[in-house]
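The values are calculated or read from the model by the stated rules, or taken from the named source; none is laboratory data. Just so you know, these numbers come straight off a predicted model, no measurement behind them. A quick note on method: Cβ atoms are made from the backbone with ideal geometry, for glycine too, and the neighbour counts reach across all protein chains shown.
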Amino acid sequence: MKKKVVAALMCLTMAMSLAACGGGSGSSEGESASKGDSKNEERVVELWTCWTDGADTQIAGTEQIKKFEEETGVKVNQTNFTYDMLHEKILTAAAGGNVPDLIWGLPEYVGEFYNMGIVEDLTDRFNEWEDKDALSEAVVKAMTIDDKIVGIPYEMTVRAYLTHEKDITAAGIEVPKTWEDLLAQTDYKEKNGKYLTELACTGVRSAQELLVYLAQYDLEIASAQDDGKYKNTWKDNKDELEKATKVFQFYKDLVDQGIIDPNCKNWGWEETDENFATGITSTYVSGNWLAERESSNPDTMDDVAVSAIPYPSDGHEATYMECKPLFIMADSKNKDDAFELATAFCSKEWQEAGFADRSPRSDVSTDSKWSKDFQALSDTGITFPPVTLGGITQAMQDAMAKVLQEGETPEATAEWLCDAVNASLSDSGELSE
Amino acid sequence: MLNKRNRVISKIVTYVSLVFFSAICIFPFLWMLLSALKPKTEIRTATPSLLIHAPTLENFKRVLVDVGFLQYIKNSFFVSIVACVLSMIIAVMAGYALSRYYKMKLVKTSNLAMMLSQMIPGVLLLVPLYLIMQKMQILESYTSLILAYTTFVIPLCTFMMSSFFDTVPLALEEAAEIDGCNKAQTIFKIILPLSLPSLVSTGLYAFINAWNEFMFGYIFISTDKYRTLTPAIMLFKGVNTVDWGGLMAGSVVAVIPVTFIFLFLQRYFLAGLMSGSVKG
Amino acid sequence: MNKFKKLTRDQRKWRTAVIMLLPALVFLALLIAYPLGKVIHDAFYHVHLINKSMTGFAGMANFQKVLADEHFGQAVKNTAYWTIFSVLGEYLVGMVTAVLLNQKFKGRAIFRTCIFIPWLVPIIVAGMTWDWMLNPEFGIINYALTNMHIISQPINFLGDSKYAMATVIFVNIWRSFPYYTISFLSAMQSIPGDLSEAAAIDGAGVFKRFFKVTLPQLRSVSLVIVFIHIIWTAINFDFIWVMTEGGPNYATETLPLMIYRYSMKKFDVGAASALSTMMFTVMVVLFIFYYRKRSSLSDDMA
């Protein structure tokens, strides 16, 4: 009896694995045959996206892709990932040269992918594209590295200082405009039972926030040098080091004086956005995706006002501009159609349907505060320098930990960060000598 | 009298401690289930609550209908079952060799090789494995996942089986051999029936390992057609917002089938106990 | 069949052993040998995904770089803590629950299922759910503890370096111990019942019976799962990554996370491979120790 069962199981496995093998090789043959073979009638673009299922962007995207397929006769094979998954897949797949044609990217990938040599130079195609004037100079600059355009933007957002108006009115204060205004609110928590504002201290968000506060003093985390390479120059320039010190002093003061929850040291965007959306904190620097929280947290999100990010009184306004590029992979076999699709993403129609609040196009916007009020800030937008950022953003996080957790002095931290950034640039071969 | 009182006390201790352990074990799962039943406006609030004001199946509907989890469940089942059966067959064979011929050089070397294979962090294996799969032309197929999952559970399954075979007296086999059984017959007729509890726990391990694996699942597979459950669940974690309702509903959907499998297999653990177990 | 009989006993044994091992070895050779070779090779070469000027033989440079990393010492210490306390906790809880469940009483099946559930939850999901429940601002655990006045202030379990390591170890134990339970349970089922009964009739108490009868029977199975779990816990990546990403400020950074950072964040595959090679070497040494122990155990059995 037992023997029969085992024998049957064995047969079953064999059959199953054979079937699986058959199915597997069959499908991969099919794919390699269809992948942009010019003799083959069917033109295919392999597209990887990172949208949220069920969100407007996805609904509009699916519709627009269908339309694109009908108009051009190109078949679009779209698959969805999260950015983390997509990033890791690209890094893995690039080694084997087995990549899709067109992918959604983050600005952080520009330097990295360019230096790895896996994205296509789109400069010529871009210059021939009739719709290119709809993009502002800042947007085009964000797509450019080494004077080459490597991406077509599909989404652009800036950060703003969001405030719960009810909280601010109840506390009887003005919306803080400067660092000094923020730091003056030492008794806010005591009076109102919640913290005035918050900081992200881990993940990419933390580095983006730090970048803004540095930019308010015109500091760059890595500046372009004459030889086309990059360097953090703080230690070469006493004035810059002093300003960087002030930024870290600001972080330290925010926590020391109880303006920010001391628990913030392990927070990433998951916590900070959540705290703001649920009304646990009164104000926060974030992006217009929080509009989505109006429906999930209607009680706490109905009073949000949008203002400029507080800046030091001896500095100026600045904000982080996140301009997301579509990359065409260098190993793609169907770059022409991939470029068609990329520009379709950036077309007025598609942008209005799927990215109305966060379009890189100057001619697409809505009347809501999430669009208008944010766009008003985009002139002061800054971006990361186009270098390999993995080591640099890590160093920025570590610097915050040094100030907020290890009790390092702001000045020593600024010096440490300067060295750490240059060490990372040197590792990736981008350090100016 | 004393004996009886002792027994009552021991029973109480047993129940109390089991309730304690069970509560800790099951609470996170309950939290998942509750969250999955909460509407969007209740799921993430400043004051967490175990009560739901307006329970909804919205999240489950989204997961099963809109996102197409049924296909992912099917994929996960197929991959896990094949990987499980395949690795059991291999592990029973290798485990037997490891247990009975442990003095042979070849066996010692294989044992070493299996152990070594466990010691490289998976993160570092991703790129080389990807390249192998690509060369074999099995990316984007069930085969790549089945091969990977099988390979990574073979060592533990083998060790588990071999350590069980260690406890089966040689005399049993010798008797069978005298009766004229060959090796295959001995294993199927004498040893395997004895090892049912071990077989089940080892097989369950192989199955669940494949069911819950995440990294290979998303590196090897790029199309919806072959996507398995865990990578699909992670898609609810967007770039700026997390769809907690979908994530929790997806997790519940992933956990429930394996729970039923476990419930069903319990019988076989009990079987050993009921029959008063093996007598050497 | 005829040919088979002509072989000597030893040859026949060898043949059987080869046939039995072949499938396992084919799989390992196919999918492990090459990657392992590549890791060891890369450890001695400059391999960088971005900096194309870094090529050629590196000698020990990668090893030196890793050893000089300011987080290396901390990561080694963390890995040791993480591994030892996780496995110890899993073993103890697994043993206790297995003994509890190995009795005859009503409702046993329900308890067994409850206790087994954590192991059915994918690591990633388990990590994220705990992360949420443990959050100091909107997590249910802190909310419950403060409301019941067990603690006066919410504890930032994963964000305070005092608690972070203990918390991830706790969650890891929660997720992993059921496998010990089930393994012990199924091993206990094959302990001859009369052995324990005989001991009970002889007047041996619960504890004495456990130490004299049950524990020795579990020795073989314990050695295997403890050892394999030591390896797995040591090289585990996703648990800590999902919960803390090694934070706060490297308080939970273990060697696999460092390897990940080197290869996927800094793109320095050479350094990542060197670190893996070092970990690998240490584990091989541990293995030799284990192997001797296991061989002698098998000798005892025979």
I want to confirm something. Restricting to region B:128-141 and keeping residues that are without any contact (Cβ under 8 Å) to a residue 12 or more places away in the chain and part of a helix (DSSP H, G or I), which single residue is farthest from the chain's Cα centre (by Cα)? B:LYS135
Enumerated helices (runs of 4 or more DSSP H) restricted to region A:130-186, each holding at least 1 residues that are within 30 Å of A:MET116 (Cα to Cα): A:137-142
Considering only residues that are among the polar types (S, T, N, Q) and out of contact with any Ser or Thr (no Cβ under 9 Å at 6 or more places or on another chain), look in region C:121-180 and name the one that is surrounded by the fewest Cβ atoms within 10 Å (Cβ to Cβ). C:ASN147
What helices (runs of 4 or more DSSP H), lying completely within region B:38-127, carry at least 2 residues that are buried (at least 19 other Cβ atoms within 10 Å of the Cβ) and of a type in the set (A, V, I, L, M, F, W, C)? B:69-100, B:105-117
Consider region C:140-167. How many of its residues are touching a residue at least 12 places away in the same chain (Cβ under 8 Å) and in a loop (DSSP other than H, G, I, E, B)? 8
Test each condition in (1) buried (at least 21 other Cβ atoms within 10 Å of the Cβ); (2) not assigned by TED's automatic domain parsing to the domain that holds A:THR202 for A:THR413 and report the one that comes out false. (2)
Given the criterion among the β-branched types (Val, Ile, Thr) and within 23 Å of A:THR319 (Cα to Cα), identify the matching residue among A:VAL140, A:VAL76, A:VAL45, A:VAL99. A:VAL140
Is one or more of the residues making up region C:45-52 away from chain A (no Cβ under 14 Å), buried (at least 16 other Cβ atoms within 10 Å of the Cβ) and within 26 Å of B:PRO128 (Cβ to Cβ)? yes
Apart from one, (1) surrounded by 24 or more Cβ atoms within 10 Å (Cβ to Cβ); (2) away from chain A (no Cβ under 14 Å) all hold for C:LEU257; the odd one out is (2)
Considering only region C:167-208, how many residues are facing chain B (nearest Cβ under 8 Å) and modelled with pLDDT of 65 or more? 11
Please go through region A:281-300 and pick out each residue that is out of contact with any His (no Cβ under 6 Å at 6 or more places or on another chain) and either within 19 Å of A:GLU174 (Cα to Cα) or among the polar types (S, T, N, Q) (or both). A:THR281, A:THR283, A:TYR284, A:VAL285, A:SER286, A:ASN288, A:SER295, A:SER296, A:ASN297, A:THR300
Filter region A:178-202 for residues that are touching a helix residue (DSSP H, G or I) at 6+ places or on another chain (Cβ under 6 Å) and not hydroxyl-bearing (Ser, Thr, Tyr); the one that is surrounded by the most Cβ atoms within 10 Å (Cβ to Cβ) is A:CYS201
Given the options A:GLU242, A:GLU317, name the one that is away from every other protein chain (no Cβ under 13 Å), over 19 Å from A:ILE168 (Cα atoms) and touching a Ser or Thr at 6+ places or on another chain (Cβ under 6 Å). A:GLU317
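From the list A:GLU292, A:GLU317, which one is over 30 Å from C:GLY159 (Cα atoms) and either in contact (Cβ under 8 Å) with a residue 60 or more places away in the chain or of a type in the set (S, T, N, Q) (or both)?
On the way: A:GLU292 fails: over 30 Å from C:GLY159 (Cα atoms).
Going through A:GLU292, A:GLU317 in turn, the sole match is A:GLU317.
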In region B:151-169, which residues are more than 7 Å from chain C (Cβ to nearest Cβ) and either of a type in the set (A, V, I, L, M) or under 14 Å from B:TYR96 (Cβ atoms) (or both)? B:VAL153, B:CYS157, B:MET161, B:SER162, B:PHE164, B:PHE165, B:VAL168
For region A:341-378, give me the residue count where each residue is part of a helix (DSSP H, G or I) and touching a residue at least 12 places away in the same chain (Cβ under 8 Å). 16
Pick from A:ASP124, A:ASP84: which is closer than 30 Å to A:ALA291 by Cα and assigned to a helix (DSSP H, G or I)? A:ASP84
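Quick one: would you say C:MET128 is under 29 Å from B:PHE264 (Cβ atoms) and either among the acidic types (Asp, Glu) or over 19 Å from the mean Cα position of the chain (by Cα) (or both)? Spell out how you get there, then give the answer.
Values: under 29 Å from B:PHE264 (Cβ atoms): yes; either among the acidic types (Asp, Glu) or over 19 Å from the mean Cα position of the chain (by Cα) (or both): yes.
Judged against the criteria, C:MET128 is a match.
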Can you run down the residue pairs with Cβ atoms below 6 Å, 6 or more apart or on separate chains, where the first is in region B:253-280 and surrounded by fewer than 17 Cβ atoms within 10 Å (Cβ to Cβ) and the partner is outside any helix (DSSP H, G or I) and at pLDDT 85 or above? none
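Would you call C:ILE110 in a helix (DSSP H, G or I) and over 26 Å from the mean Cα position of the chain (by Cα)? Don't jump to the end; show me each part of the working.
Details: in a helix (DSSP H, G or I): yes; over 26 Å from the mean Cα position of the chain (by Cα): yes.
Yes; evaluated as a whole, the condition is true for this residue.
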Of all residues in region A:366-384 being of a type in the set (Gly, Ala, Ser) and surrounded by fewer than 18 Cβ atoms within 10 Å (Cβ to Cβ), which is nearest to the chain's Cα centre (by Cα)? A:ALA376
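Does region C:234-255 contain any residue that is at pLDDT 80 or above, in contact with a Pro (Cβ under 7 Å, 6 or more places away or on another chain) and outside any helix (DSSP H, G or I)? Can you show your working first?
Applying the first criterion (at pLDDT 80 or above) to region C:234-255 yields C:234-246, C:248-255.
From what's left, in contact with a Pro (Cβ under 7 Å, 6 or more places away or on another chain): C:235-237.
When the remaining residues are screened for being outside any helix (DSSP H, G or I), the result is C:236-237.
Checked region C:234-255: at least one residue is at pLDDT 80 or above, in contact with a Pro (Cβ under 7 Å, 6 or more places away or on another chain) and outside any helix (DSSP H, G or I).
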Among the residues of region B:187-208, the number that are charged (D, E, K, R) and either under 9 Å from the mean Cα position of the chain (by Cα) or crowded, with 21+ Cβ neighbours inside 10 Å (or both) is 0
Suppose we keep only residues that are without any contact (Cβ under 8 Å) to a residue 12 or more places away in the chain and assigned to a helix (DSSP H, G or I) within region C:264-286. Which one would you say is farthest from the other protein chains (Cβ to nearest Cβ)? C:VAL285
Looking at region C:233-254, which of its residues are within 7 Å of another protein chain (Cβ to nearest Cβ) and either farther than 25 Å from A:GLU406 by Cβ or within 15 Å of the chain's Cα centre (by Cα) (or both)? C:ILE235, C:PHE237, C:ASP238
For region B:30-65, how many residues are small (Gly, Ala, Ser) and touching a residue at least 24 places away in the same chain (Cβ under 8 Å)? 2
Restrict the check to region C:61-79 and report whether at least one residue is of a type in the set (Asp, Glu) and modelled with pLDDT under 90. yes
